[in-house]
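Colleague: Once you've had a glance at the structure underneath, I'll fire off some questions.
The values are calculated or read from the model by the stated rules, or taken from the named source; none is laboratory data. All values reported here derive from a predicted model rather than from experimental measurement. Cβ placement follows ideal geometry from the backbone for every residue including glycine, while neighbour counts extend to all protein chains displayed.
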Amino acid sequence: MRKKIIAGNWKMNMTPKEAVTFVDSIKNIIDTNDVDVVFCVPSIDIVPVGVALNGTKIALGAQNMYFEDSGAFTGEISPKMLKASDVKYVIIGHSERRAFFFEDNVIVNKKALKAISYGLIPIICVGESLKERENGVTLKLIDEQVREAFKDIPKDKASEVIIAYEPIWAIGTGKTATAKEADEVCGAIRKIIALLYDKETAEKIRIQYGGSVNAKNAAELFSMGNIDGGLVGGASLKMEFKDIVNYKK
Ligand code: PGA
């Protein structure tokens, strides 16, 4: 049985002060008993949020990193820095990074490999645009994204990676994929992993759904056989996030 993993993706929100106030108000009312919970925060919030999360089971996540260890890469943050700041997870290849910062599958793969080499767990995002869905190329595109992202990732590491299926048309739009639509693609992703590795790896790997997850739709989405939790944007900035994590109650 795969343990659910629910991650908040704060995106470019929350000053360090706001972040600590929010974390302090929510950390003790989130029930982390049978679910992994992650706060993926802006780089500048990593250290103060890490301090605020001390003594809780909520894990610290980053939203991006560069694929080099250190050096002349102005403005970037390295996996070494993340690791040294107790970061456990790092989102790689979010559709906003692909769209606004021109990250392609090759970059996503480089970042994923580098993250793994530092013992960070990548949350690799994949997903189609509305046009791609309408043109019927969703599965072809996802197949490419997954295959290229996992290139050279060894089997023993692959099963620990998190995949987030986020249809771009559902992100921040209030339009959620139906639970059936989301489960179908997550199931297809699991099949790709089985082909790339084996059935055991595919059964182990955790696949999240992301795109307008909220307290109302979380239970239905997370009860689907292939959906192992969610990557939550907008609703992770509110107290509503507690109800998403504790969706069973
Ligand atoms: P949303 O964002 O929940 O605001 O749609 C999800 C994401 O981009 O990870």
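Colleague: Give the residue, chosen from SER212, SER236, that is over 20 Å from VAL185 (Cα atoms), near the ligand (Cβ under 10 Å from one of its atoms) and either free of Cβ contacts under 8 Å to residues at least 60 places away in the same chain or in contact with a strand residue (DSSP E or B) (Cβ under 9 Å, 6 or more places away or on another chain) (or both).
Modeller: SER236
Colleague: Tell me the helices (runs of 4 or more DSSP H) entirely within region 189-249 that contain at least 2 residues that are out of contact with any His (no Cβ under 7 Å at 6 or more places or on another chain) and under 16 Å from ARG2 (Cα atoms).
Modeller: Counting at least 2 such residues, we get 199-204, 218-222.
Colleague: ALA72: free of Cβ contacts under 8 Å to residues at least 24 places away in the same chain and under 25 Å from ALA112 (Cβ atoms), yes or no? Outline the logic, then answer.
Modeller: On the way: free of Cβ contacts under 8 Å to residues at least 24 places away in the same chain: yes; under 25 Å from ALA112 (Cβ atoms): yes.
It is true that ALA72 is free of Cβ contacts under 8 Å to residues at least 24 places away in the same chain and under 25 Å from ALA112 (Cβ atoms).
Colleague: Collect the residues in region 134-150 that are at pLDDT 95 or above and in a helix (DSSP H, G or I), keeping them in residue-number order.
Modeller: Of everything in region 134-150, those that are at pLDDT 95 or above and in a helix (DSSP H, G or I) turn out to be THR138, LEU139, LYS140, LEU141, ILE142, ASP143, GLU144, GLN145, VAL146, ARG147, GLU148, ALA149.
Colleague: Enumerate the pairs (first residue in region 105-129 and farther than 20 Å from ILE142 by Cβ; second residue anywhere and at pLDDT 95 or above and polar (S, T, N, Q)) with beta-carbon separation below 9 Å, excluding pairs fewer than 6 apart on the same chain, so at least 6 apart or on different chains.
Modeller: Within 9 Å, the pairs are LYS114/SER78; TYR118/SER78.
Colleague: While we're looking at this one, here's another question. Failed condition for LEU195, given (1) within 18 Å of the chain's Cα centre (by Cα); (2) surrounded by fewer than 18 Cβ atoms within 10 Å (Cβ to Cβ), with all others met?
Modeller: Tallying (1) within 18 Å of the chain's Cα centre (by Cα); (2) surrounded by fewer than 18 Cβ atoms within 10 Å (Cβ to Cβ), LEU195 fails exactly one: (1).
Colleague: Report yes if some residue within region 139-152 is free of Cβ contacts under 8 Å to residues at least 40 places away in the same chain, under 18 Å from ARG98 (Cβ atoms) and not acidic (Asp, Glu); otherwise report no.
Modeller: Checking region 139-152: at least one residue is free of Cβ contacts under 8 Å to residues at least 40 places away in the same chain, under 18 Å from ARG98 (Cβ atoms) and not acidic (Asp, Glu).
Colleague: Here are the criteria: (1) more than 19 Å from the chain's Cα centre (by Cα); (2) in contact (Cβ under 8 Å) with a residue 12 or more places away in the chain. Tell me which single one ILE77 does not satisfy.
Modeller: Only one criterion in (1) more than 19 Å from the chain's Cα centre (by Cα); (2) in contact (Cβ under 8 Å) with a residue 12 or more places away in the chain is unmet by ILE77, namely (1).
Colleague: Only one of (1) farther than 22 Å from ALA177 by Cβ; (2) crowded, with 18+ Cβ neighbours inside 10 Å fails for GLY127. Which number is that?
Modeller: Condition not satisfied by GLY127: (1).
Colleague: Working only within region 162-188, note down all residues that are outside any loop (DSSP other than H, G, I, E, B) and either under 14 Å from the mean Cα position of the chain (by Cα) or within 16 Å of the ligand (Cβ to nearest atom) (or both).
Modeller: To start, the set of residues in region 162-188 that are outside any loop (DSSP other than H, G, I, E, B) comprises 162-165, 168-170, 179-188.
Of everything in region 162-188, those that are outside any loop (DSSP other than H, G, I, E, B) and either under 14 Å from the mean Cα position of the chain (by Cα) or within 16 Å of the ligand (Cβ to nearest atom) (or both) turn out to be ILE162, ILE163, ALA164, TYR165, ILE168, TRP169, ALA170, ALA179, GLU181, ALA182, VAL185, CYS186.
Colleague: Can you tell me how many residues within region 215-224 are among the charged types (D, E, K, R) and in contact (Cβ under 8 Å) with a residue 24 or more places away in the chain? Before the answer, list the steps.
Modeller: Our first condition is that a residue be among the charged types (D, E, K, R); within region 215-224, this holds for 216, 220.
Still in the running and in contact (Cβ under 8 Å) with a residue 24 or more places away in the chain: 220.
Selection size over region 215-224: 1.
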